[in-house]
Structure formats: C-alpha cells, structure tokens
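Notes for the one structure printed next.
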Amino acid sequence: MKNTNDNLIKKLIKITLEASKIISDKKQNDVLYSKGSKREIVTNHDLEINKFLIKGLKKTKIPILSEEKKTSNLIYNKKIFWVIDPIDGTVNYINNSPNFAISIGLVNNKKFTLGCVCLPAHSQFYFNTNNEKSYLNGNLIKHEHKKISNSLIGVSLNSFLSDKEMMLFKKINNLSLGCLRTGSTSMNICWTAINRFQASYGFNVKIWDVAGALAIARSSGCKILIKQNSDKTLNFIVGSNNAVKEILKQSKKFIYGKYN
Amino acid sequence: MKRNIVIIGAGAIGRGYLPIVLDNNKYNFFFIDQNRKILGLLKKKKYYFTYIIKNNSYIKKKILIKSALHINQLDQLKIKDLSLCFLCIGPRNIKNIIFFLKKINTPIIVCENDPETVHEIKKIIKNKKVFFAVPDVITSNTSPKKLLKKDKLSIVSEDGELFVEKGPKIFGQIKFLQKKDLLKIQWTAKLYLHNTPHCIAAYLGSIINVKYIHEAMQNEFIRKIVEGSMNEMLKSLKLNWDISHNFLEWYAQKEISRFKNILLFDPISRVAREPLRKLEINGRLIGAAQLCLYNGVFPNNILKGIVSAFMFENHNDTDNHIELLQNSMCPEQFNKYILGLRSGEPLDLLLKDRLNQIRKELILLKKFKINEKY
C-alpha cells in the first residue's frame, strides 16, 4: 500500500486509536454544557479527545475544523482541511449505549478523501486509503449492493423533527426491512459500508458527523449522494444503488436542488 | 463419454493436485482462474505436466485440458453439461463466484482449508450438495527450474490423500469420510499439525529472505522453532481431543519431513500469503496459541511464529498493509482491533510482554541469518 498518503493514514490511525484510550480509561465524565437542544451536549471527554486530536493533527500543518472548537468560516475556502468529531453520539455515550464514534476526515478539493472512524465499544475501527480501499480492523471491506426491500436503513434525524421527515421515515421503513435511528451518523455510514445496513441517509447533518465515514463508504464501493446546504451542513444518502435511488425518489418532497 | 469437471482455482491444489487423484479417463477438466498468464498458457498448450514425488524422485503425469476460462467468463460455461465443481480459489474469493454457484445444480466440493466456507456457501446458494474436502498434501504452485524449462505450467506435488465428506459420487483415488470424522480427525490434524507449523516456517523463511520452505527448514534456528511449535500443538491436541496419539505422532512426523523435502519447492510467498487471514482469532496462529494456553501448554514457539507473521513484508500481497497497521498501532490496540483479543486475556498479556523481545530476536535472525549458534 505504498502511496503518497501513507504517512497521513498512519497518523490518522494512530491519533484516532490513541484518542479512543481516553474513553476506555473510563475516567469520570460530566456534561459540561449544552450547545442548543438538550441533545447537543458537551462532556469533558469531548473536550479532552478534541484537545488530543487537535494536538496530534497540528503536526501535519493542515488546518483543522472541529465540532468542539470555534473556527473561522475561512476554513471552508481552504483546499484541504481536517474535520474532526471527538464523540459522535455523545448522548448515547453518557447513557452507556455503545453507539458512538470518534471520527476524523480529510476534505481535499471539497471531496471527502480520507477517513478514520473508531467505534470503541464495538471494538471496530475503519479507515480508507487513497487507492480506494476501505478496511475494518485491517480487513478489506466491500459493500454488496442489495435492493431496498432486503435492506436495513440507518437514519440520522434532527433534534426537531418535521412532519415531512416523519412521513419519509415511515415510507422508507415500510419499503425496507426497517429504519434504525442509532444516534451516531458516522456509525450508520460505516455500518452501511460493511453491509450491516444497506443504506443510510440524513438531512442537515453537520460536516463533522460524516466527513470520515463518507470517505470510508466511498472507498468500500457505496453509492453516495450529497447535497451541500451550507458550509457546515449537508444532506446525504449512501449505500446500495437501488436503496439510494429509492430513498432519493421518496425524499423528493424534502430535498431541493441537485445532489452531487 | 467423459464427464465434465470445473475446477475453480488453477493453483497448487486445483491444477497441481486434483488432476492427480481424479480419474483422467472419466473426466474432462475445465479450469477457471484469475491469473491471465496461467490461463493463456493453459489455453495455448491444452496440456501440462504435474510431477508427483514418490521414493525421492518425480513421476510425470500429463494432464489434458478441455478448457480454461477467466473467472469473469464463468457465465460462458454450459452448466447443464457439468457433473462436478471443485473450489480451491481461497475463502476470500468465494464471494466473486457465488452467482455461478447459485446457477449450478451439481455437487460442489470445497477444498478451502476452512469448513466455515461450506456453511456460508450452503446458506447463500440454498444448495445442500456442498461438501467439505481436506487435501492432505503439500503441492507447490510451481516446480524447479529444470522442470519449468520443459513446461512453464509444470507443478510439483506430494503423493498425498484427498479426504471428502461422504455424499458425492466421484471417480478417483478419494477417501470418503463421515462429516464428523472428517472434521474431527483430518481437519483438526491439518489445521494444527500442518497449517500452524507450515505457515510459521514460511514467515520465518521470509525473514531470512529464502524462497522455498525447505530452504527455511535448513536454518537451524528456524527448524527448532518449527519443530517446537509442532510439539506444542501435539501436546495440546493430545490433551484436548480423544484422537489416537499414534495417529497424531505419525501425522506430526510426516509433516516435518514434508517441510524439509528438497524436491517439493513449496514457495514461501504462497504459504505466507494473506497474513491477516492467518492471524484470525480461531485460525492456525492465534487459535493455535489459545488452544495451547487452554490446555496449559506454554506456546513459546508459536508466539515467535505469530510475531514473524506481523513482520511479513510482501508488497504484492493482499494484506501488505499489515506493515502500516503495525507501524501505526500500539500492541494493545493491535491485539484488540486486529487480532480480536480481549484486553487482559492471557494471550493479550503474553504478546504484550514478549513482543519486543521476540521482535529483537527475529531482527537478529534477519540481519545475521543466525543459524547453529541459537
């Protein structure tokens, strides 16, 4: 796997897994403050991991965008930047649910190119390489395309659900084997890459929730549709060709503009 | 009239061994592979020679080829004319041919070194006629230069035995066993008394940069580790299973002589390939060490084999990223995420404790090709 990004990938893996140790050390964790709704909380572990990731990535001299750090909007104009989410699924984490992730992604020329996502409670870590290969715990992964009728779908919903979103949820739930809202977008996408889910989608999700996982999903062979809503937020559908097509068709009412 | 057999995987077992035991007067051979170079030669020549080692010399056998196709051309095969299908392409490649297996209605014989593959195939294709087979043989996927000069496709094999789960009707020198006996005796012996020391010999051989298993076994340091790991497995199997001790002893001795056989030219690149697969939790290395610990046998030599697998370098190998993983993960994380060990379990602790020391020893082996001194 000799390629120009080898050192970056090594760094990615090293930093993500080292950060997961902060979680396994099981130090006391307190909710420090809320960023808006009662679900958008920040704990001292979020901040500790954030600090650790930033310190590690700084050496790469690539700008860093983090969920837990105020950053100038100018970062979105940069050709290349890291996007980190110290804990994706903090509410799950503080309630001892295993569905949370540590995620790092690299955005290059507005594309999600590299990613490393660790699900410490599931003993899983995912990464991809720039020669379009994705791995789970070191083993090559390849998404197998299935029809929506044979699919489990992962869903990322906003804190405040609209009626239209609920209607769509119901439709997709009925068309498939079921829709699951796990509470961690990056986990949904990684599980789509390994065919635990056959597709996942989300509206107005934050870029840090998806940056690492979408790079992994793309390299695993998933079809990906993205609609950028703002610098920070986007809609996405990822997974098997048929399921993505069907979700797109059903979500026409909610999604305006073109997916890339 | 001859019946048609499709052999998917024209490597060591597929091209080298199966045509030796299958009755050539009763079958036409259709070979399927991914290697275009081999396919090109098979198509062009329509025959090749396979050499069986008997009484320290080679016995030549000419194998006629009915057809050779690339794996992507599987749909060109006339399915209704097939009477048997053999699989020997490696467990990781099975998913690429599932579409074909779903279409055929003939018995499928799985020579994949992994009984789980049989369950997986049965589950997916919903065909009950899938049978496990254990080829008790070492077959090289090449041959010495003098034979290659005469025929680029020539291949060398031992005079082994093919054990197949009772069920299908196959003409040839085949031993049919009830599934439970096949799994309990032949598969257990093959997994732990063949696969474990065989791949350890290969990983250690790759450290001193030799090409064939018999060359690795000529190094005293390596030979001692391989024989040591064989003894560790032998002790564990005797404690763990009610398999005849005489059989196990005989099997172990037979294997060591096979590894040393200078006529076999068994390539290290073949035996050592896909180290991450060989490091799977229930497999020939980690599973073997766990079995030893479970039975109170200290796996001193198997640990060295495991670390030598971590150090395997081959840029053409599917698992060549093992080097990257090793360089970017601390032993604790490597044990958890890659090997699947639970934190604090005996093998996890042992590996963390011994890793650096063993690695140093193996680096010395690499640097000085240490031999008798150790």
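Couple of notes before you dig in:
- Listed residue pairs exceeding 32 Å between alpha carbons, taken from A:Lys110/B:Lys95; A:Lys69/A:Lys171; B:Lys180/B:Lys235; B:Lys179/B:Lys366; A:Lys78/A:Lys223; A:Lys142/B:Lys254: A:Lys110/B:Lys95; A:Lys69/A:Lys171; B:Lys179/B:Lys366; A:Lys142/B:Lys254
- Mean residue ellipticity (222 nm) of chain B, computed from DSSP H runs ≥ 4 via -39,500 (n - 2.57), nearest 500: -11500 deg cm²/dmol
- Of A:Asn92, A:Asn131, A:Asn50, the residue with the greatest mean-square motion in the GNM of chain A, using alpha carbon springs below 10 Å, is A:Asn131.
- Sites listed here are GluC sites (Glu not before Pro) in the stretch B:270-374 whose DSSP assignment is loop and whose Cβ has at most 10 other Cβ atoms within 10 Å: B:Glu372.
- Averaged over A:118-125, number of beta-carbon atoms from partner chains that fall within 10 Å: 2
- Beta-bridge orientation, the protein assembly as shown: approximately 60 percent antiparallel, per DSSP, counting only bridges with both partners inside.
- Accessible-area rank, largest first, for A:Ile104, A:Ile62: A:Ile62, A:Ile104, with all protein chains present and a 1.4 angstrom probe.
- One equal scatterer on each Cα of chain B, no solvent, Debye formula: the resulting log10 I(q)/I(0) at q = 0.10, 0.13, 0.14 Å⁻¹ is -0.65, -1.10, -1.26.
- Solvent exposure of the stretch A:180-260 as accessible area per residue, Å², 1.4 Å probe: 36
- Within chain A, the longest run free of chymotrypsin sites (Phe, Trp or Tyr not before Pro) that sit in a DSSP loop with at most 16 other Cβ atoms within 10 Å is A:1-159.
- Ranking B:His245, B:His214 by solvent-accessible area of protein heavy atoms (1.4 Å probe, all protein chains present), from largest to smallest, gives B:His245, B:His214.
- Mean separation of Cα contacts under 8 Å (6+ apart) over length of chain A, as relative contact order %: 17
- Rough spin-label spacing in nm, given labels placed 7 Å along Cα→Cβ, for A:Ile226 and B:Ser244: 6.5
- Taking only the C-alpha atoms of the stretch B:182-367, Rg followed by Dmax gives 15.5, 46 Å.
- Between the stretch A:178-253 and the stretch A:87-156, the alpha-carbon centres lie 10 Å apart.
- Residue pairs, from the table B:Lys2/B:Lys46; B:Lys61/B:Lys166; B:Lys150/B:Lys211, whose Cα atoms sit over 24 Å apart: B:Lys61/B:Lys166
- Here is how the number arises for chain A: DSSP H runs of 4 or more residues each give -39500 (n - 2.57), the sum is divided by the residue count, and the result at 222 nm is -10000 deg cm²/dmol.
- Accessible surface buried once B binds A (1.4 Å probe; total of both sides; Å²): 1700
- Contact order normalised by residue count of chain B, Cα under 8 Å, 6+ apart, percent: 14
- Whole-Hz ³J(HN,Hα) from phi, Karplus 6.51 cos²θ - 1.76 cosθ + 1.60, for the stretch B:88-105, glycine and proline x: 8, 10, x, x, 5, 9, 4, 4, 6, 10, 4, 4, 6, 4, 5, 7, 8, 10
- Peptide-level mean, for B:327-335, of C-beta atoms on other protein chains within 10 Å: 5
- Listed residue pairs exceeding 23 Å between alpha carbons, taken from A:Lys245/B:Lys102; B:Lys54/B:Lys184; B:Lys102/B:Lys169: A:Lys245/B:Lys102; B:Lys54/B:Lys184
- Selected from B:Pro346, B:Pro115, B:Pro19 as most flexible by GNM, with chain B as the system and alpha-carbon contacts under 10 Å: B:Pro346
- Within the stretch B:1-125, percent of DSSP bridges classed antiparallel, to nearest 5: 30
- Cα-derived Rg over Rh, computed across the protein assembly as shown with Rh taken as Kirkwood radius: 1.01
- Globularity index of the stretch B:198-253, i.e. its alpha-carbon radius of gyration over 2.2 N^0.38 Å: 1.28
- Applying the criteria of a DSSP loop state and at most 16 other Cβ atoms within 10 Å to the trypsin sites (Lys or Arg not before Pro) of the stretch B:1-45 yields B:Lys2, B:Lys26.
- Cα-based reach from A:Lys21 at 12 Å (exclusive), listing aspartates and glutamates while leaving out same-chain residues under 8 positions away: A:Glu48, B:Glu332
- Alpha-carbon centroid distance for the pair the stretch B:225-297 / the stretch B:132-208, whole angstrom: 14
- Centre separation in Å (Cα based) which lies between the stretch B:310-374 and the stretch B:12-62: 37
- Qualifying trypsin sites (Lys or Arg not before Pro) for the stretch B:82-167 [loop in DSSP, other Cβ within 10 Å: at most 13]: B:Lys126, B:Lys128, B:Lys166
The values are calculated or read from the model by the stated rules, or taken from the named source; none is laboratory data. Note that the coordinates shown come from a computational prediction; the quantities given were computed from them, not determined experimentally. As a convention, Cβ positions derive from the backbone with ideal geometry for all residues, glycine included, and neighbour counts pool all protein chains shown. Please note that ligands, DNA and RNA were not included when accessible areas were found on the heavy atoms of the full protein model with its side chains. Shrake-Rupley method; radii C 1.70, N 1.55, O 1.52, S 1.80 Å.
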